[in-house]
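Step one of this worksheet: look at the structure below.
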Amino acid sequence: MTIPGEEDRPAPHVLRDYAFMADGVRGAMVDPDGDIGWMCFPTWSDSAVFAGLLGSGGRYRVAPQGRRVHGGYYEDGTLIWRSRWVTDAGIVECRTALAYPGDPARAVILRRIIAVQGEASVEVMLALATDYGRRGIGAWKRSGAHWVVHDPAVSALWTGGGDAVPRTTGDGTPCFHWVVRVPEGESYDLVLELGTSPRSFQPKPPAVWWRETEDAWARAVPTCSAVPAGRDVRRSFAVLRGMTNQLGATVAAATTSLPERAEAGRNYDYRYTWVRDTCYIGHAGAAVPGGEEVLDDAVHWVRDRILDDGPDTMPAYQANGGPIPDQQSLGLSGYPGSSDVIGNRVRDQFQLDIFGEALLLFANAASLDRFDSDGWRAAELAIETIGKRQADKDAGIWELRPNQWTHSRLICVAGLRAISEAGAPAQLKSTARLLADQLISDTARSSLHPSGRWQRAPGDERIDASLLLAEIRGALAPDDPRSIATREGVMSELCEDDYLYRYPHAGRRLADVEGAFLVCNFWMSLAKLKAGDVAAGVQWFERTRASCAASGLFSEEFDVAQRQLRGNIPQAFVHALLIECAAVIADA
């Protein structure tokens with residue numbers, strides 16, 4: 001096994017400095033130095049070929065030489081990222097994208113160096129390494145205008161590197177490292193194709209790859225002209241489309257092992273598809289004209305999981321529909337302040353609320369006449385599962401020790417009521433209504449706090465931000481006394497510096513335990529809007545919208561004091577809630 005030396009690995013950056021590209025099948029993270037520091041191949045949860053983000057090998061760098069100040073931006077409505085550097089000699093940009101839409105057998109990394117002002121002197125470095133960067137691959141050979149390499153794990157064809165000379169790093173890892181000079185006003189293209197076999201390659205002129213990618217993004221992302229913050233909403237749609245494969249599965253995030261708290265042991269692998277998150281994404285697609293394909297993808301994927309697994313539906317799956325692998329460590333140094341982990345223990349959990357979330361999603365689709373007979377069969381299975389397992393302890397939305405979590409039961413009430421009003425067959429409608437009435441009555445007896453608000457679970461009197469979803473999704477009306485008391489309880493007990501946290505921890509300040517949970521902040525925006533307090537709803541929306549990376553990406557948590565992103569990135573459900581909030585503000 002060969003591992004590139006430390007001097008040949010990109011230095012890590014704070015998460016707010018990274019940008020993200022994706023093609024639906026896999027994603028890549030690029031840092032301010034023009035390094036692609038993370039990319040798995042061939043799909044989201046496979047081994048990384050660029051793993052610098054976790055302190056391992058593999059890198060693809062394109063950046064100007066000498067002193068520079070970095071910046072960058074997305075081309076509107078796409079995941080085409082333009083790194084931009086102001087240097088002593090002028091201005092240089094590097095246009096970077098994964099050719100979109102992606103192919104499971106082939107990834108195409110497009111990089112175009114542009115000398116905006118002055119001649120550009122740009123350093124290019126390429127080193128491929130499989131097995132999460134632990135095994136460098138080489139033996140590159142010239143083939144006409146291309147460099148090619150074949151390995152059992154990945155084959156590569158590189159166009160534009162004709163003047164490069166293969167060399168090795170300090171420990172013998174094969175790589176390319178040379179300088180490209182581009183005259184002012186001109187550009188230089190690099191195209192790296194990665195394939196599962198040599199037969200995967202389909203070389204095309206760079207201009208063709210770029211045109212096809214631009215056209216595909218134009219078709220994939222709605223105009224969002226009728227909602228506030230239209231550019232941010234379009235970016236969020238692009239993030240969701242880029243994270244969604246041909247089966248309709250959207251991964252929760254593109255990365256693994258990025259810490260929620262330094263050295264706190266809270267590092268997780270989010271390169272999988274959660275049922276709950278997918279439902280949130282479907283609501284986002286339904287909320288904005290032109291987003292119907294996002295809704296359809298979510299419905300079809302959730303429907304198929306329930307039809308396949310019924311009451312044994314798992315909380316999350318691999319993007320191909322298979323079970324998530326067991327959690328394990330790779331033995332890498334990891335991102336600073338964390339350790340590495342792949343796999344996720346969620347595969348062994350029961351989460352009751354996902355069946356309520358599925359019914360809410362199905363009801364949304366049915367109300368828009370985008371629901372079929374297979375969907376109604378899945379809805380019937382979800383209702384049956386809620387009826388049979390409503391009293392069981394579950395891991396809940398935060399995936400904690402099993403309990404009879406109040407949120408799980410209330411979201412099932414909301415789903416049952418929504419599906420009963422969405423054109424369900426008469427018998428299904430009656431069953432859903434009766435079950436909803438019985439479930440909310442039982443929950444009120446066991447989990448209503450003496451103050452009149454909902455509490456987390458029987459015997460756990462704490463407040464929880466997830467309880468806002470009861471009124472947001474229709475388990476109760478916003479003016480129900482229990483809704484009002486819960487909303488006020490969340491504000492008084494879970495808010496610091498105008499940011500919300502999930503739930504209190506005995507004897508510890510909220511921000512000392514974890515970052516503000518951005519999805520909770522968008523929930524408060526929705527709760528305020530649906531309660532008629534539009535000004536407060538917009539304030540929560542704008543405050544949360546600003547808690548992003550320089551690129552506009554959101555992670556799961558936000559460190560308010562340090563203004564830093566925490567956890568894996570980009571977090572799909574946060575982008576979904578931004579879209580939904582913007583649509584509700586437009587209606588308000």
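Summary table below
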{"quantity": "Distance between the range 273-351 and the range 525-587 - C-alpha centres, whole angstrom", "calculated": "21"}
{"quantity": "Ordering of 33-39, 577-583 by burial proxy (mean other Cβ atoms within 10 Å per residue, highest first)", "calculated": "577-583, 33-39"}
{"quantity": "Relative contact order of the range 276-370, pairs being alpha-carbon contacts under 8 Å that are 6 or more residues apart, as %", "calculated": "31"}
{"quantity": "Kirkwood hydrodynamic radius of the range 486-584, from inverse mean 1/r over distinct Cα pairs, in Å", "calculated": "13.5"}
{"quantity": "Size descriptor, Kirkwood hydrodynamic radius, that averages inverse alpha-carbon separations across the range 406-550, Å", "calculated": "16.0"}
{"quantity": "Estimated FRET transfer efficiency when R0 is 60 angstrom, pair GLN65-GLU496 (beta carbons, to 0.05)", "calculated": "0.85"}
{"quantity": "Distance between the range 93-131 and the range 355-433 - C-alpha centres, whole angstrom", "calculated": "45"}
{"quantity": "Estimated FRET transfer efficiency when R0 is 51 angstrom, pair ALA535-ALA153 (beta carbons, to 0.05)", "calculated": "0.40"}
{"quantity": "Packing-based order for 195-207, 432-444, using average beta carbon neighbours within 10 Å, highest first", "calculated": "432-444, 195-207"}
{"quantity": "Average Cα contact separation per residue, the chain, under 8 Å, 6 or more apart, as relative contact order %", "calculated": "13"}
{"quantity": "Approximate spin-label separation GLN564-GLU75, in nm, with each point projected 7 Å along Cα-to-Cβ", "calculated": "3.4"}
{"quantity": "Computed FRET value (nearest 0.05) for GLU293 with LEU434, which takes r as the C-beta separation and R₀ as 41 Å", "calculated": "0.70"}
{"quantity": "Karplus-derived 3J(HN,Hα), 6.51/-1.76/1.60, for each residue of the range 388-396, Hz, glycine and proline x", "calculated": "7, 10, 4, 8, 6, 6, 9, 7, x"}
{"quantity": "Sequence-separation-based contact order of the range 1-129, relative, with Cα cut under 8 Å and 6+ spacing, percent", "calculated": "23"}
{"quantity": "Cα Rg, Dmax (largest Cα-Cα span) when computed across the range 357-424, Å", "calculated": "12.7, 39"}
{"quantity": "Computed label-point distance, nm, for sites TRP178 and HIS13 using a 7 Å Cα→Cβ extension", "calculated": "2.6"}
{"quantity": "Partner lysines for LYS528 [C-alpha distance under 25 Å; skip if fewer than 8 residues away on the same chain]", "calculated": "none"}
{"quantity": "Anchor LYS204: lysines whose Cα lies under 29 Å away (excluding residues fewer than 8 positions away in-chain)", "calculated": "LYS141"}
{"quantity": "Note, ³J(HN,Hα) from phi for the range 93-98, Karplus 6.51, -1.76, 1.60, rounded to Hz, x at Gly and Pro", "calculated": "10, 10, 7, 10, 7, 8"}
{"quantity": "Residue-span extension gain [ASP480 to LEU247] - 0.36 nm each, minus C-alpha spacing", "calculated": "79.9 nm"}
{"quantity": "For peptides 249-259, 559-569, sequence by mean Cβ density within 10 Å, most packed first", "calculated": "249-259, 559-569"}
{"quantity": "Å² of accessible area per residue within the range 131-275, as computed with a 1.4 Å probe and no ligands counted", "calculated": "41"}
{"quantity": "Separation of the GLN349 and ARG445 label points, Cα + 7 Å toward Cβ, nm", "calculated": "2.9"}
{"quantity": "Gyration tensor verdict on the range 133-204 (Cα atoms; rounded if a/c is under 1.5, prolate if a/b is larger than b/c, oblate otherwise)", "calculated": "oblate"}
{"quantity": "Stokes-Einstein D for the chain, Kirkwood Rh over Cα pairs, 20 °C, 1.002 mPa s (µm²/s)", "calculated": "87"}
{"quantity": "Whole-Hz couplings from phi, Karplus 6.51/-1.76/1.60, listed for the range 474-481; x for Gly and Pro", "calculated": "x, 5, 9, 6, x, 8, 5, x"}
{"quantity": "Most to least accessible of ILE585, ILE411 (protein chains only, probe 1.4 Å)", "calculated": "ILE585, ILE411"}
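The values are calculated or read from the model by the stated rules, or taken from the named source; none is laboratory data. This is a predicted model, so every value here is computed, not measured. Cβ: placed from backbone, ideal geometry, glycine included. Neighbour counts: every protein chain shown. Quick note on the areas: whole protein, heavy atoms, side chains included, nothing else; ligands and nucleic acids left out. Shrake-Rupley method; radii C 1.70, N 1.55, O 1.52, S 1.80 Å.
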